[in-house]
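Here's the structure we're looking at; comments come further down.
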Amino acid sequence: MNHHHDHADPPREETQRIRLEAVSKRWGSTTAVDGIGFTVVPGEFVILLGPSGCGKSTTLRMIAGLEPASAGRIHIGERDVTHLPPGDRGISMVFQSYALFPHLSVADNIVFGLRSRKVPRPERQARLARVAALVDLEAYLDRKPAQLSGGQRQRVALARAIISEHPICLMDEPLSNLDARLRGEMRREIKALQQRLGMTVIYVTHDQVEAMSMGDRVILMQDGRLVQDGTPDELYERPASAFAAGFIGSPAMNLVPLAAAADGAVIDGEPHCNVAPHEAAGQLLGVRPEDIRVLAEDATGVPARVLDAEYLGADSIVRLEVGDQTLRARLDGRPPLGAGAACRLQWRREATHFFATEDGRRLEIAGHDLAAPPGRRRFATSRSGPLSQQDGEARASSNQVGNDTPGVNR
Ligand SMILES: Nc1ncnc2c1ncn2[C@@H]1O[C@H](COP(=O)(O)OP(=O)(O)OP(=O)(O)O)[C@@H](O)[C@H]1O
Ligand SMILES: [Mg+2]
């Protein structure tokens, strides 16, 4: 589409920037959306992510004009659209349910909007041919929706949004009816199409994999509020709260309470190994499963015992008992140890996160480095191999590290 290169059109910047200012939606005593504010720049793929009922669809519907806002302002480009009807907002929308007309052919479903906008037939046909090729539906134009697979129906819904040539497209869980394999394919197709056409997309999902893989930016919501607004990297590397930490990543980040010890903080019920400075006592420590190394019993690190292990093919999820807590580690390949085995856990200082027990907010505390010094094993995490390959190395480094390893009480 590349509208912005066409000098006849105003710059995309002016027409496609979407800006929400303190937007709220109330139904009686229910507050579905509570003072949400964010900006979507032209050409961006932004995800609204959050658990069921957090207000994602309501936010999207307010942007589309299908639901009036109770408070706040919505701008599209230079225009305040807060009170404009949907048809005047220059937006197309794809719903989870596809909303196809069962009695119309695929072709008629796709051009339905153009027809009601009185676009002349030759232009309709030309646009239909273009869009059908784009989403690979040329062979199905005469069929009825009931004669299509879920993925094909999904593409009809997409085609209908694309053919409108509105530069802004809002999508509400468009892939939730598809099986896992098709979802993966459609994720890539939608993303590629968005980039090819330079569309501005706001995409609602509760699936963090979709959010991480498709979004240029992810807006995480909880109970109608904005929890974090950042790139997928930022949400993964620096979650703003314990909720955000638990929502992004699978299995979720381990979150364990810390107790005070003689000269630092220890995992509740495991008094031997300092894992954090004293100020972290009473708060929560977060470590991602993929950042934990599982080492032999005589290595340095946090003493742990294997509860069970789940082999997933490329990797395994090992559940570990540490003091009163259960942690998960994601290890490459087969589980290195069976249930009941004693071991030690390590992680790097950069892999630690701290959150307030009281309200879950992120705390700026520098964690301890339980792994060997940088240079020797900088990238040695559980991602780098099972115990059997690291055993010797772990032994060697545990000797070598000796008392330099911070926080290990002996
Ligand atoms: N028409 C309505 N009247 C009253 N409450 C509503 C209405 N529509 C939605 N709600 C409530 O507003 C809240 C947010 O709903 P919304 O549909 O935006 O959630 P969501 O994040 O899209 O969830 P899901 O992932 O389940 O689709 C929910 O508590 C819901 O029950
Ligand atoms: Mg919804």
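Is at least one residue of the stretch 120-138 small (Gly, Ala, Ser) and touching a residue at least 12 places away in the same chain (Cβ under 8 Å)? So far as the stretch 120-138 goes, yes, one or more of its residues are small (Gly, Ala, Ser) and touching a residue at least 12 places away in the same chain (Cβ under 8 Å). Answer with yes or no whether Val94 is at pLDDT 90 or above and not polar (S, T, N, Q). Taking the combined requirement at face value, the residue does not satisfy it.
Counting just the residues of the stretch 41-65 that are within 16 Å of the chain's Cα centre (by Cα) and aliphatic (A, V, I, L, M), which one comes out nearest to Leu197 (Cα to Cα)? Selected residue: Val46.
Here's the yes/no breakdown for (1) within 25 Å of the chain's Cα centre (by Cα); (2) buried (at least 24 other Cβ atoms within 10 Å of the Cβ); (3) within 16 Å of ligand 2 (Cβ to nearest atom); (4) not aromatic (Phe, Trp, Tyr):
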| residue | (1), (2), (3), (4) |
| --- | --- |
| Ala139 | no, no, no, yes |
| Lys144 | no, no, no, yes |
| Leu148 | no, no, no, yes |
| Gly151 | yes, no, no, yes |
| Leu158 | yes, yes, no, yes |
| Ile163 | no, no, no, yes |
| His166 | no, no, no, yes |
| Asp172 | yes, no, yes, yes |
| Ser176 | yes, no, yes, yes |
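Is it the case, given these coordinates, that Glu279 is in a helix (DSSP H, G or I), within 15 Å of the chain's Cα centre (by Cα) and either exposed (fewer than 15 other Cβ atoms within 10 Å of the Cβ) or acidic (Asp, Glu) (or both)? It is false that Glu279 is in a helix (DSSP H, G or I), within 15 Å of the chain's Cα centre (by Cα) and either exposed (fewer than 15 other Cβ atoms within 10 Å of the Cβ) or acidic (Asp, Glu) (or both).
Restricting the stretch 36-63 to residues that are small (Gly, Ala, Ser) and near ligand 1 (Cβ under 8 Å from one of its atoms), the residue that is nearest to Gly230 (Cα to Cα) is Gly50.
For the stretch 96-107, indicate whether the set of residues that are more than 16 Å from ligand 2 (Cβ to nearest atom), touching a residue at least 12 places away in the same chain (Cβ under 8 Å), of a type in the set (S, T, N, Q) and more than 21 Å from Gln16 (Cα to Cα) is non-empty. There is at least one residue in the stretch 96-107 that is more than 16 Å from ligand 2 (Cβ to nearest atom), touching a residue at least 12 places away in the same chain (Cβ under 8 Å), of a type in the set (S, T, N, Q) and more than 21 Å from Gln16 (Cα to Cα). Of the residues making up the stretch 7-25, none is of a type outside the set (D, E, K, R), in the same structural domain as Pro174 (by TED's automatic domain parsing), modelled with pLDDT under 95 and within 16 Å of ligand 2 (Cβ to nearest atom). Within the stretch 76-95, the set of residues being more than 16 Å from ligand 2 (Cβ to nearest atom) and either touching a residue at least 24 places away in the same chain (Cβ under 8 Å) or of a type in the set (A, V, I, L, M) (or both) comprises Ile76, Gly77, Glu78, Val81, Leu84, Arg89, Gly90, Ile91, Ser92.
Per-residue answers, yes or no, for (1) in contact with a Pro (Cβ under 7 Å, 6 or more places away or on another chain); (2) among the hydrophobic types (A, V, I, L, M, F, W, C); (3) within 15 Å of ligand 2 (Cβ to nearest atom):
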| residue | (1), (2), (3) |
| --- | --- |
| Arg181 | no, no, no |
| Asp207 | no, no, yes |
| Met221 | no, yes, yes |
| Pro232 | no, no, no |
| Pro239 | no, no, no |
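If you check Val266 against the conditions, is it outside the structural domain of Leu158 (by TED's automatic domain parsing) and touching a strand residue (DSSP E or B) at 6+ places or on another chain (Cβ under 8 Å)? Yes. Among the candidates Leu49, Leu66, the residue that is surrounded by 14 or more Cβ atoms within 10 Å (Cβ to Cβ), within 13 Å of ligand 2 (Cβ to nearest atom) and modelled with pLDDT under 95 is uniquely Leu66.
Leu285 falls short on exactly one of the conditions (1) more than 22 Å from the chain's Cα centre (by Cα); (2) in a strand (DSSP E or B), and that condition is (1).
For the stretch 353-369, a residue qualifies if it is modelled with pLDDT of 95 or more and touching a His at 6+ places or on another chain (Cβ under 9 Å), and the qualifying residues are Arg362, Leu363.
The values are calculated or read from the model by the stated rules, or taken from the named source; none is laboratory data. Note that this is a predicted model, so its numbers are computed, not measured. Reconstructed Cβ throughout: ideal geometry from the backbone, glycine too, with neighbour counts over all protein chains shown.
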